[in-house]
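K.L.:
Mind looking over this structure? Questions follow.
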Amino acid sequence: SEAYFLFDPSSTTGFDNGKDAYLTGNSVLPGLPIMYSTTGGQKFLRNALPSLSGNVNIPITVTTGSAGIFQINPVNLNKLPAGACVKLYDIGKSILHDLKTGPYTATVSANITVPQFELRITLNPVTLTSNVNNPLCSNGTNGSVIAQGTTAGPWNYIWKDVSNNIIKTSINKASADTLNNIGVGSYKVDVNT
């Protein structure tokens with residue numbers, strides 16, 4: 001199963017009608033895991049929370065009718081703000097796994113009803129300065145954008161087009177990064193340390 005999270009300024013830590021979905025029912029099928037978060041004593045398959053800032057710890061429970069080895073695989077991490085650290089803490093093993101490096105493999109006992117994991121998201125935004133050089137004509141491709149991290153570096157720059165497709169990546173740079181030879185349009189850059 002999948003547990004979903006939404007971070008939105010109009011959401012609360014309680015139940016938000018139209019955004020949250022409770023885990024209902026008590027039946028667990030053998031071998032089929034169900035993953036859910038717990039907030040305020042409530043079990044959520046989909047959990048809408050206030051906007052990210054600072055540190056957020058979300059208790060996660062994986063329950064199944066039969067013990068087994070499972071992978072906890074993150075999706076859509078690119079939807080989080082640049083610089084967000086996303087880690088899964090295995091409570092029983094005291095292991096902290098960076099989900100940006102890939103899935104976490106865990107042994108899950110049968111019929112567990114207490115959180116075995118914590119999803120830990122830390123957001124310490126990196127500030128940056130930028131400079132845009134527009135193309136010389138409306139259909140030209142000689143424009144550029146320069147981005148420079150202003151907090152302690154080095155920085156990783158991940159440039160994206162309007163559809164979130166990665167068009168350039170620069171890793172571990174101690175200076176500004178430039179996206180060259182672009183036309184008129186919208187571009188994004190994620191900057192993190």
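The values are calculated or read from the model by the stated rules, or taken from the named source; none is laboratory data. Computed from a prediction, not measured in an experiment: that's the story for all the values here. All Cβ positions, glycine included, derive from the backbone under ideal geometry; neighbour counts span all protein chains shown. These area figures cover heavy atoms from the full protein model, side chains too; ligands, DNA and RNA do not enter into them. Shrake-Rupley method; radii C 1.70, N 1.55, O 1.52, S 1.80 Å.
K.L.:
Determine how many Å³ per residue the convex hull of the Cα atoms of region 21-173 encloses.
P.N.:
Details: hull volume 24.2 nm³, N = 153.
It comes to 158 Å³ per residue, whole-number rounded.
K.L.:
Quick one: how many lysine pairs does the chain have with C-alpha atoms less than 15 Å apart and a gap of 8 or more or different chains? Give me the count, please.
P.N.:
Details: 19/43; 79/100; 79/160; 79/188; 87/100; 160/168; 160/188; 168/188.
Within the chain, the lysine pair count is 8.
K.L.:
If we count every other residue with Cβ under 14 angstrom of residue 46's Cβ, Lys/Arg +1 and Asp/Glu -1, where does the sum land? Mind showing how you got there, number by number?
P.N.:
Working: positive: 19, 43; negative: 2, 8, 16, 20.
Net local charge, residue 46 excluded: -2.
K.L.:
Over the alpha-carbon set of region 37-96, divide Rg by the Kirkwood Rh and report the Rg/Rh ratio to two decimals.
P.N.:
Numbers: Rg = 13.4 Å, Rh = 13.9 Å.
Here Rg/Rh amounts to 0.96.
K.L.:
A further question follows. Would you mind calculating the relative contact order of the chain from Cα pairs under 8 angstrom and at least 6 residues apart, reporting the percent as a whole number?
P.N.:
Taking the mean separation of contacting Cα pairs over the length of the chain, I get 18 percent.
K.L.:
Calculate what fraction, in whole %, of the accessible area of the chain sits on carbon and sulfur atoms when a 1.4 Å probe is rolled over the protein chains.
P.N.:
Details: 5700 of 10890 Å².
In the chain, the share of accessible area belonging to carbon and sulfur is 52 percent.
K.L.:
Whole Å is fine, so just give me how far the alpha carbon centre of region 125-144 lies from that of region 159-180.
P.N.:
12
K.L.:
A further question follows. Taking the highest mean first, how do the peptides 64-76, 181-193 order by number of other beta carbon atoms within 10 angstrom per residue? Don't skip to the answer; put the middle values down first.
P.N.:
Numbers: 64-76: 13.7, 181-193: 15.5.
Going from most to least packed, we get 181-193, 64-76.
K.L.:
Based on the alpha-carbon gyration tensor of region 135-193, what equivalent-ellipsoid semi-axes (square roots of 5 times the eigenvalues) come out, in whole Å, largest first?
P.N.:
Working: eigenvalues 103, 30, 13 Å².
Ellipsoid semi-axes (Å, largest first): 23, 12, 8.
K.L.:
Place a label point 7 angstrom from the Cα of residue 12 along the Cα-to-Cβ direction, then list the residues of region 31-50 whose backbone nitrogen is under 12 Å away.
P.N.:
50
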